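Computed from the coordinates by the stated procedures, all read-outs in this text should not be read as laboratory data. All figures in this text were calculated on a predicted structure; none of them were measured in a lab. For neighbour counting, all protein chains shown are included, and Cβ atoms are generated from backbone atoms with ideal geometry for every residue, glycine included.
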Amino acid sequence: MRAIQVHEYGGPEVLRRVELNIPKPGSGEVLISWGAYADFAIVPAARLARLPDDIRYDIAAASIFQGSTAHYLIEDVAKLEAGMTCLVHAASAGIGQLLVQLARRRGAEAFATTSTPQKAASARARGADHVMLYENCAFADRIREWTHGRGVDVVFDAVGKTTLRDSFRAARVRGPIINYGSVTGPMRDLDPYELGEAGSLFLTRPRLADHLADAATVQRRADDVFAAIRQGALNVESAAGH
């Protein structure tokens, strides 16, 4: 089979095409046609999901990873329900767009931030109720105005260093702050005392791997994502950037 290997650091020039034997799966493993850096690959069976006949392979490939991430953040971590409010940072990025759409599907009100007016238009197209730029972190003040001083029920923050403290200001008392990414870098000077002063907030940094514990969970998340696509509630043609 054909495969691409890297044996040293560098740019695209260090990629080497080689011919290898097709690997043989062991117990609990499956051989697939990978179609990326190798014709075939061995993967754990527990990490595979069945694909419905009406979902194309390209749509499944574009949706399964980011869709499962948005799904567990909405369902397991935020426990978002109809009538709740949420703030989604980087709402024109891949996962941000999916969070907005899944939040609206659940009947929640979605506030969104982006870095440019063009990306703001993308967030609106995905269903965000209120969109603003997070430039100078004025978003927290605007959210306080729009929510009559209460703040949002949940904050999804993938930006990190430049927005996290102002995300605290945008959240309601005892609200969860879900930091699932650090586009602008990690915060190394955060004192837990700040969470108390900001309203007894809950700060978490979840990982997808810890929310795909078994094959049943992998399939359940995939089924929910595919169902949302089938219903027209989820568009996976995500824009790049934040």
_Just to compare against my own numbers: the Cα pair-distance distribution for segment 130-242, 10 Å bins, whole % per bin, please._
12, 34, 33, 20, 1
_Dipole magnitude of the chain, debye to nearest 20 (Cβ charges: Lys/Arg +1, Asp/Glu -1, about Cα centre)_ = 200 debye
*Using R₀ = 41 Å, calculate the FRET efficiency as 1/(1 + (r/R₀)^6) where r is the Cβ-Cβ separation of Ile32 and Lys79; round to 0.05.*
0.75
_Distance (nanometres) between label positions extended 7 Å along Cα→Cβ at Cys137 and Val43_ = 4.0 nm
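Rounded to the nearest 0.05, what FRET efficiency do Gln219 and Arg169 give with R0 = 51 Å and r taken as the Cβ-Cβ distance? Could you check?
That gives a FRET efficiency of 0.85.
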*Estimate the FRET efficiency between Lys24 and Arg230 by the formula 1/(1 + (r/R0)^6), using the beta-carbon distance for r and 35 Å for R0, to the nearest 0.05.*
0.45
*When Cα extents along the principal axes in Å is calculated directly from the model, which label among [x] 63, 42, 35; [y] 44, 43, 35; [z] 52, 42, 40 fits?*
[x]
*Work out how much length Glu197 to Ser182 would gain on full extension: take 0.36 nm times their residue separation and subtract the Cα-Cα distance, in nm to one decimal.*
3.1 nm
*Partner aspartates and glutamates for Lys24 [C-alpha distance under 17 Å; skip if fewer than 8 residues away on the same chain]*: Asp39
*Loop only per DSSP, at most 13 neighbouring Cβ atoms within 10 Å: give me the trypsin sites (Lys or Arg not before Pro) in segment 20-61, ordered by residue number.*
Arg50, Arg56
*Restrict the search to segment 103-197; then list the trypsin sites (Lys or Arg not before Pro) that DSSP places in a loop and that have at most 13 other Cβ atoms within 10 Å of their Cβ.*
Arg174, Arg188
*Sort out for me the Cα centre separation of segment 19-47 from segment 158-201, rounded to whole Å.*
40 Å
*Which of the GluC sites (Glu not before Pro) found in segment 1-74 are in a DSSP loop and have at most 15 neighbouring Cβ atoms, other than their own, within 10 Å?*
Glu8
